[in-house]
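Reviewing the structure listed below.
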Amino acid sequence: MRFRWRQLTVTEHVGLWCCTVMALVSLAGFAADPRSATICLLFFGGGAALMLHVWRREAFTEAAAEVAALVLATARHDLPAYQRLIAALTPLRGARAAAALTGLHTCAKSLDGLFFHARRRELDGLLKLSDTPLSWALASLHPDGHVREAAVAAMGRKLQTAFVPFLVERAVDHVGAVRSAAMAGLRAMLADESAWMPVARSYRRVAARRHAAALADLLGPQVRVHALEPVCCRFQGVHCGISFGQSCDFVDRQSAVGLPGRR
């Protein structure tokens with residue numbers, strides 16, 4: 001994880017560096033007095049490790065709160081809000097990036113708008129791949145098909161539930177190589193039965209799209225769009241300002257196109 005050193009307080013800096021220096025001094029004195037050196041190393045080394053753990057946890061919580069505020073402020077046609085969201089997400093690394101990806105994928109309503117603007121090539125600031133799962137997910141929205149294919153391949157190598165909406169979106173991509181890579185990832189993910197429902201929920205968003213039939217076949221005949229629960233944005237107990245149980249996403253108003261022979 002990359003810590004944001006400039007945002008640590010003076011006290012936090014002093015505590016961390018003092019513990020680190022004392023741990024190194026303990027190592028240097030190990031030959032002269034092993035017992036005392038071991039005690040000092042455990043004390044000061046443990047203190048430094050505890051500080052790092054606390055900051056990692058706080059970074060995760062802070063990132064989740066920041067993403068929640070941005071996500072809940074977006075509406076489907078509010079392009080400037082999505083531009084701000086992309087600008088806030090792209091620099092994140094480590095635990096903050098993981099928290100942002102987790103928060104983003106849980107809000108179907110905001111993902112709908114994100115994918116909508118990406119298909120229209122209206123999102124600026126979508127960078128190419130870096131070393132974080134969040135960057136792979138965002139790069140899968142890139143207007144360049146080669147970048148999307150590379151992003152989908154990266155997600156396929158390290159599958160996780162947070163990738164499901166992005167893989168489903170790419171499974172109906174107009175570029176055949178991107179579709180194939182996304183379908184391969186989803187096929188591997190569906191080897192675990194617990195992944196069926198998340199994929200089926202995301203499928204509702206693309207059910208009316210041109211290449212959705214292959215994904216429907218992968219999910220099997222039990223896919224019934226109207227038999228699934230409503231696709232609602234549930235982010236930290238908030239439903240994006242919309243009561244649960246109502247038609248809270250435009251996806252709920254899609255017809256079950258692309259499901260021949262399924263009633």
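Laboratory data are not the source of any read-out in this text; all were calculated from the coordinates shown. Being a predicted model, the structure only gives us computed values, none of them experimental. Please note: Cβ atoms are built from the backbone with ideal geometry, for glycine as well, and neighbour counts cover all protein chains shown.
Given R₀ = 51 Å, FRET efficiency for Asp217-Ala69 by Cβ-Cβ distance, to 0.05?
Details: r = 40 Å, r/R0 = 0.78.
That pair, Asp217 with Ala69, gives E of 0.80.
For Ala208 and Ala32, what does the FRET efficiency come to when R0 = 51 Å and r is the distance between their Cβ atoms, rounded to the nearest 0.05?
Plugging the Cβ-Cβ distance into 1/(1 + (r/R0)^6) gives 0.10.
Distance in nm between label sites at Ala49 and Leu127, each 7 Å beyond Cα in the beta-carbon direction?
Rounded to a tenth, the inter-label distance reads 3.2 nm.
If you take the Cα atoms of the range 98-183, find Rg, then find the Kirkwood Rh from the mean of 1/r over all pairs, what is Rg/Rh?
Looking at the range 98-183, the ratio lands at 0.91.
I want to check the label-to-label distance for Val175 and Arg119. Put each point 7 Å from Cα in the C-beta direction and report it in nm to one decimal.
With each label placed 7 Å out from Cα toward Cβ, I get 1.7 nm.
Go through the range 142-153 residue by residue and turn each phi into a ³J(HN,Hα) via Karplus (6.51, -1.76, 1.60, θ = phi - 60°); whole Hz please, and just put x for glycine and proline.
For the range 142-153, the Karplus curve yields 5, x, 7, x, 5, 5, 4, 4, 5, 5, 5, 4 Hz.
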